[in-house]
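I have placed the structure first, in the form of structure tokens, so that the comments after it can refer back to it.
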Amino acid sequence: MIKTSPKASKKLSFDEFKKEVLSDYRIAVTSRECSAIGRREVLTGKAKFGIFGGGKEVPQLAMAKVFKKGDWRSGYYRDQTFMMAIGEYSPQHFFSSLYAHPDINVEPYSAGRQMNGHFATHSLKEDGTWKDLTAQYNVSSDISTTSGQMPRLLGLAEASTKFRKIKALKSKTSLSKNGDEVAWGTIGNASTSEGPFFETFNAAGVLQVPMVISIWDDNYGISVPAKYQTTKENISEVLKGFQRDDNNKGYEIFVVEGWNYTQLVDIYSKAAKIAREEHVPVLIHVRELTQPFGHSTSGSHERYKNKERLDWEKEFDCIVKMREWIIHFELEDQEGGHFKLVENEQELLTIEKEVKKEVASARRAAWNAYIQPMIEERGALLDLLSEVAAKSEHKIFLDKLKRELAAFDEPLRKNILAIGRKSLIYLRDENFEEKENLQKWIQNYRAIQQRKYSSHLHSELPSKATNIKEIEPTYDEEAELVDARIVLRDNFEKILDQQEEVLIFGEDSGMIGDVNQGLEGLQKKFGEERVYDTGIREISIIGQGIGLAMRGLRPIAEIQYLDYLFYATTAIMDDLATLHYRTVGKQKAPLIIRTRGHRLEGIWHSGSQMGAMINLFRGIYLLVPRNMTKAAGFYNTLLKSDEPAIVVENLNGYRLKEQAPNNLGQFTTPIGVVETIKDGIDITIVSYGSTLRLVEEASKDLSQVDVDVEIIDAQSLLPFDLNHDVLTSIQKTNRLIIIDEDVPGGASAYLMDQIVNKQKAYYYLDSQPTTITAKAHRPAYGTDGDYFSKPSINDIFEGVYQVMHEADPVKYESLY
Ligand SMILES: Cc1ncc(C[n+]2csc(CCOP(=O)(O)OP(=O)(O)O)c2C)c(N)n1
Ligand SMILES: [Mg+2]
């Protein structure tokens, strides 16, 4: 006889309790049945890959009970039972995502852009504005990288502390209710070996944010057991030092067996209360979980688990244990009343049978919804091909293609388009109306289908950042020349004044106002909640920013030097850059990353790896202002819109003099627009950032020898020159040279491709387009190290002069 208190938080009548337990059991069994049938779908070829939540069902039921509307989850691919328990994942959703159904209304997590098991809810309305996030469950979109969910979790939790502590944010009641929201993280035991886990864990302890991290511990990471993953083979043992005590803030840590339903319910309810009320982070180490289907459909666990382990997993399977508990549960009250959850096993067998039927019919419905449109589309193409074949001299080949297409039992769009496109090859020497109809159909079909896979890399709304028009800085008549950092600082002051949801943080950003004093005095004026220092932990600074931005705040996360941005590469590349794309615009994180780069000193502070950023960070704007007024204008533009961006300030530009504008916080620098900073007729030079100062110097020397250069500041690398102004310049000069401080083949190769291929400048070039870049190695330290590593004024002069010499060797005689 078990004497138990089934629900710690509220007293339920036994009938209610029984109903809740049996409903939980039904969800667990449904989830398991989906996994089993899902695996079969992959093995029989209907889906490509499957990763499931088998063996982790019961603790997720407990987590779902205390997950409230307004709360956030940042988890991983094992959480299907949790998603079902909060009502955001039906068996039909399960199969739609397994088949990769490319419609966001059918597969609401990513419209099939991600593998199954990657969840999300919708934060945004059709017009891109926030839904009432406090009235819904919030699931931040998952990514596949192990522990990649951790940095973002920090920001999701920190947002609650901001909403609780910053008075001006109290009115934003559709984003938060007094910061009562908890951010729930889930992670596999092996993934806790990753750096982002430890970094985030420490940061959350420092920040004291309402975060509950659950570790689903099945003792393995694919085939590698805990022995090779975790010191002492026990992550909560290792993390014991984080436990809070009477004298020190820290974590509350719980350890629980993952098959023990009642204990799990009890512990999750305690954890939620601590995090929600006290804003203290909590760790729940859920041990003794299993993986009955192995890691994924890519292999079987019999290969690496011995018989003893496999037998243990069968016995301690959390659903098996929950089932036993339900059957054996008996309760006696003080009046001698006798209560049972089920009269006999048959009741559970009935549930299990019903579930099997439901899952089977959900599978059929999902498959039909997925395949039916494609069968119809194939029909349309077959009809067109028949009409064309009837008139074509190549009927025999077209009939063969038709037979090929008709033979697919389950045609995919790839099969349909491949046949359609191939047919045009046979028809290339014929012209008649039916062929035109076929061509139009193929082009139209292709455009419609392409969008399903390629839309929403950036905002597609009228408010998108590239639509923000330029407002030029204005100046008093007697405007003084000031250190450029003052322009930046005074503009940030205006921003903080105007927009209460703006927060600025990073290493040394708080008390001293950043290492270059661009935030000097602003913490004092706006308080520690809005302008603040962080630990030295780049990936979680970015994660903090992503999470804060996903909850409706406007963070500016500072990375002290561009060279150190790469510590945060995965958070930027895998999470931030893909968020809008992978949710088809249903979630956004308009994070502004502020950093400083280009020329300073040596290997670690030169910050010119633009080519790497351009290639890795598609989905984020990459802005390279040449001075601080331009930089300030970019911040203003970005805050008038809502998309993520990186702004690279010039490391050696803070003490140069600039005029102080009088419309601070107002003027904007347009995104995707170049600026011609010197007119000329002989050659177009495209450059950006602090290199431009050298180009301007060299241009003076060049004018002495009768070379009149046109200088264009790219300003914005992603996107670059949307108006094709560089092309217009080349139409005049017929020559092009691209100059930057990146490695050869870095950003200069990207700019060359944009100008010569995309803008089709090759039509107008009379000379070979060339580049002047830094050397392939990292820049050496010191004045001479710089001179021999990066383009100098001499290099620029000679590079440009060489082009002119080749064009007119008589006028421009060889220098050497
Ligand atoms: C950064 C990264 N490295 C490796 C992988 C490949 N991978 C996917 S899941 C996994 C094991 C994760 O194990 P664990 O964290 O214990 O979670 P479980 O699958 O056991 O629930 C690995 C190595 C990945 N997705 N991301
Ligand atoms: Mg594991």
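The values are calculated or read from the model by the stated rules, or taken from the named source; none is laboratory data. Model, not experiment: these values are computed from the prediction. Neighbour counts are summed over all protein chains in view; Cβ atoms, including those assigned to glycine, are modelled from backbone coordinates with ideal geometry. We work out accessible area using only protein heavy atoms, side chains counted, and drop any ligands, DNA or RNA first. Shrake-Rupley method; radii C 1.70, N 1.55, O 1.52, S 1.80 Å.
Listed values, structure above:
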read-out	value
Subset tally (residues that are in contact (Cβ under 8 Å) with a residue 12 or more places away in the chain and open to solvent by less than 100 Å² (accessible area, probe 1.4 Å)) for region 420-445	16
Contacts under 6 angstrom Cβ, first residue in region 167-196 being of a type outside the set (G, A, S), partner more than 16 Å from ligand 1 (Cβ to nearest atom) and in a helix (DSSP H, G or I), 6 or more apart	L169/F163; L175/L133; K177/T134; N178/R164; D180/R276; E181/S160; V182/A275; V182/R276
Subset of region 312-352 (residues that are over 40 Å from the mean Cα position of the chain (by Cα) and closer than 30 Å to G221 by Cα)	E324, W325
Selected residue [in a helix (DSSP H, G or I) and either under 32 Å from the mean Cα position of the chain (by Cα) or under 24 Å from R364 (Cα atoms) (or both)] from K422, K414, K440, K435	K414
Answer from R152, R164 - the residue that is of a type in the set (K, R) and either within 16 Å of ligand 1 (Cβ to nearest atom) or crowded, with 21+ Cβ neighbours inside 10 Å (or both)	R152
N189 vs. criteria polar (S, T, N, Q), open to solvent by 40 Å² or more (accessible area, probe 1.4 Å) and either at pLDDT 95 or above or within 9 Å of ligand 1 (Cβ to nearest atom) (or both)	no
Of all residues in region 593-638 being at pLDDT 95 or above and farther than 24 Å from Q754 by Cβ, the one that is surrounded by the most Cβ atoms within 10 Å (Cβ to Cβ)	A632
All strands (runs of 3 or more DSSP E) inside region 265-370 with 3 or more residues being surrounded by 15 or more Cβ atoms within 10 Å (Cβ to Cβ)	282-287
Every pair of residues 6+ apart whose Cβ atoms lie under 7 Å, when the first sits in region 794-811 and is under 16 Å from T733 (Cβ atoms) while the second is acidic (D, E)	M804/D682; A807/D766
Positions within region 188-228 being among the aromatic types (F, W, Y) and closer than 28 Å to L310 by Cα, in sequence order	W216, Y220, Y228
Strands (runs of 3 or more DSSP E) within region 639-751 that include 3 or more residues open to solvent by 10 Å² or more (accessible area, probe 1.4 Å) and of a type outside the set (D, E)	675-678
Matching residues in region 214-230 - criterion: being more than 9 Å from ligand 1 (Cβ to nearest atom) and either under 14 Å from E158 (Cβ atoms) or among the charged types (D, E, K, R) (or both)	K227
Hey, G55 at pLDDT 95 or above and open to solvent by less than 20 Å² (accessible area, probe 1.4 Å) or not	yes
Restricting region 222-254 to residues that are within 21 Å of E313 (Cα to Cα) and over 31 Å from the mean Cα position of the chain (by Cα), the residue that is least open to solvent (accessible area, probe 1.4 Å)	E233
Residue count for region 198-234, restricted to those that are aliphatic (A, V, I, L, M) and either free of Cβ contacts under 8 Å to residues at least 24 places away in the same chain or within 11 Å of ligand 2 (Cβ to nearest atom) (or both)	4
Search result, residues across region 741-765 that are among the acidic types (D, E) and under 19 Å from L727 (Cβ atoms)	D753
Strands (runs of 3 or more DSSP E) within region 489-586 that include 2 or more residues crowded, with 20+ Cβ neighbours inside 10 Å	502-506, 554-559
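To keep it simple, each residue is scored yes or no on (1) of a type in the set (F, W, Y); (2) open to solvent by less than 30 Å² (accessible area, probe 1.4 Å); (3) in contact with a helix residue (DSSP H, G or I) (Cβ under 8 Å, 6 or more places away or on another chain).
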| position | (1), (2), (3) |
| --- | --- |
| A62 | no, yes, yes |
| Y76 | yes, yes, yes |
| D79 | no, yes, yes |
| Y89 | yes, yes, yes |
| Y109 | yes, yes, yes |
| T121 | no, yes, no |
| E126 | no, no, no |
